[in-house]
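Working notes for the structure below.
The values are calculated or read from the model by the stated rules, or taken from the named source; none is laboratory data. Predicted model only: the values in this text are computed from it and were never measured. We place every Cβ from the backbone using ideal geometry, glycine too, and count neighbours over all the protein chains shown. What goes into the accessible areas is simple: the full protein's heavy atoms, side chains included, and nothing from ligands, DNA or RNA. Shrake-Rupley method; radii C 1.70, N 1.55, O 1.52, S 1.80 Å.
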Amino acid sequence: MATNLYVAEKSRPLQVTSLPNISLLESMGLRAGSRVMIQNRYALGGPVLLRVEDAYSVALGKEIAVQIGVVGVA
């Protein structure tokens, strides 16, 4: 089931389905089809810490995370 990155289940493999038009995201390795996993979601609307392609971690603010569509993968 499709959802956004901010509310997706933590520690579950996810695949990115859609992104806002922000060029910085691609330089961070986030593009349609990328596999990510939420490592931590900080309280009170704080950032989301992601593991991208099992290679490195990045943090995204809530304002961007809610604009990134994801689906769960096996």
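Quick look at the values:
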read-out	value
Value of relative contact order over the chain, rounded to a whole percent, pairs C-alpha under 8 Å and six or more apart	44
Heavy-atom accessible surface of the chain: percent carbon and sulfur, 1.4 Å	53
Per-residue [θ]222 nm for the chain (sum of -39500 (n - 2.57) over DSSP H runs n ≥ 4, rounded to 500)	-2000 deg cm²/dmol
Which labelled figure in (i) 5.3; (ii) 4.3; (iii) 5.9 is mean projected area of the Cα convex hull in nm², once derived from the coordinates	(ii)
Where labels lie 7 Å past Cα in the beta-carbon direction, separation of ASN21 and MET1 in nm	3.1
Surface per residue (accessible, 1.4 Å probe) for the chain, Å²	58
Extended-chain gain in nm, criterion 0.36 nm per residue less alpha-carbon gap, VAL71 and ALA43	7.8 nm
